[in-house]
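Enquirer: Here it is, the structure, as structure tokens.
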Amino acid sequence: MPVSHSVESSAESFERVRRAYTDVMTVAAPEPQSPAMARLLEFVFVEVWQRPALSRRERRFVTLACVAAADAETPLRDHVYAALNSGDVTITEIREAVLHFAVYAGWPKAARFNMIVDELWERINTENGLEPPQPEPLLPMATPSDPEDRLATGEQAFKDINCLAFAPTRDNPYSGAGILNFVFGEMWLRPGLGRKERRLITVTCVAFQDAPYPILSHVYAALKSRDLSFDEIDELALHFAAHYGWPKAAHLDQTIAEQKQRVSREWDAEAG
């Protein structure tokens, strides 16, 4: 009996999903349990992950932040495994991503993220018949150890990274010991992860928080610094929507639109 056109189309559609899913996740695609799940897999892996404005590697950092924040154990395990097993993200980079995530999403969630990274890195090496290599040495630090130099470094980094002419004061633990000493005096300057990757993680994290100023300031800085292009940050919003949810992505998208206008005006003024 001839196969109907609809069955052929369904089979062809799932074959596209299977190839795309396997390419991203490095394991075989699950059999969809419903038409809705089949369509969801097709949208996420065939349409979103294959779009050109962000590379697959760059999408890893957005995705990891989303699933680590969502307290979704299986997706977190799946995406940590895929990021490492694909070779898109090195163990040094993903460990650095955990630290960056801890600052912008919270240490308790990052603790679970870190445990899963260690567990799956060991699994990947075991699957390949290897002993997990020794981690990168913590010392020496790349940033100053002298307290005054470290605070001064943090002040300058705060200005550079946030594209601002000022830095917060040193007169309380939050801004002095936290923001200047650690976040900008140490973390943003660590060599294990590039500035662009840190922007991707940061914008993702502030997008799922309900704190209005951080989302505005970090979207602005990502664009004003040109670390992320207009097309790239629009793509980040779509990827974020697929992996964390459309309501919060709608707020991110609105903020992006506003900050693109602001940055464009500033660039026009600077150009004379």
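Enquirer: Nearest 0.05, what FRET efficiency do D231 and N128 give at R0 = 35 Å with Cβ-Cβ as r?
Expert: Once the sixth-power term is evaluated, E becomes 0.45.
Enquirer: Equivalent ellipsoid semi-axes for the chain, as square roots of 5 times the alpha carbon gyration tensor eigenvalues: give them largest first, rounded to whole Å.
Expert: 36, 25, 15
Enquirer: Residues of region 180-214 with backbone nitrogen within less than 19 Å of a virtual label 7 Å along the Cα-to-Cβ line of A142, please, listed as ranges.
Expert: In region 180-214, the label zone of A142 (backbone N under 19 Å from the point 7 Å along Cα→Cβ) covers 180-203.
Enquirer: Sticking with this structure for a sec: Hey, what's the Cα Rg ratio for region 1-115 versus the globular rule of thumb, 2.2 N^0.38 Å?
Expert: This ratio for region 1-115 stands at 1.23.
Enquirer: Something else about it: For a quick check of your reading of the filter: which chymotrypsin sites (Phe, Trp or Tyr not before Pro) in region 130-176 sit in a DSSP loop and have no more than 16 other Cβ atoms within 10 Å?
Expert: In loop regions of region 130-176 (DSSP not H, G, I, E or B), the sparsely surrounded chymotrypsin sites (Phe, Trp or Tyr not before Pro) are F166.
Enquirer: Right, here's the next one. Of the lysine pairs in the chain, how many meet both conditions: Cα atoms under 23 Å apart, and a spacing of 8 or more in sequence or different chains?
Expert: The result is 11.
Enquirer: For the pair R262 and R56, what calculated FRET efficiency results from E = 1/(1 + (r/R0)^6), where r is the Cβ-Cβ distance and R0 = 35 Å, to the nearest 0.05?
Expert: 0.70
Enquirer: Label T169 and A28 with points 7 Å out from Cα along Cα→Cβ: what is the distance between them in nm?
Expert: Output for this residue pair reads 6.4 nm.
Enquirer: May I ask you to compute the full-extension gain from A250 to Q156, defined as 0.36 nm times their residue separation minus their alpha-carbon distance, rounded to one decimal in nm?
Expert: 30.6 nm
Enquirer: Please state the relative contact order of the chain as a whole percent: Cα pairs under 8 Å, 6+ residues apart?
Expert: So the answer I get is 19 percent.
Enquirer: On to the next question. About the Cα centre of the chain, what is the dipole size in debye to 20, counting +1 per Lys and Arg Cβ and -1 per Asp and Glu Cβ, all else neutral?
Expert: In total the dipole reaches around 300 debye.
Enquirer: With the chain treated as a Gaussian network of Cα nodes joined by springs under 10 Å, which of Q134, Q209, Q259 yields the largest mean-square fluctuation?
Expert: Result for the chain, Cα springs under 10 Å: Q134 fluctuates most.
Enquirer: Another one. Report the gain in length on full extension from E47 to E15: 0.36 nm times residue separation, minus Cα-Cα distance, nm rounded to one decimal.
Expert: Here the segment from E47 to E15 would lengthen by 10.1 nm.
Values quoted throughout were computed directly from the atomic coordinates according to the rules given, and no laboratory measurement underlies them. None of these values were measured; they are calculated from a predicted model. Counting neighbours? That spans all protein chains shown, and the Cβs are built from the backbone with ideal geometry, glycine included.
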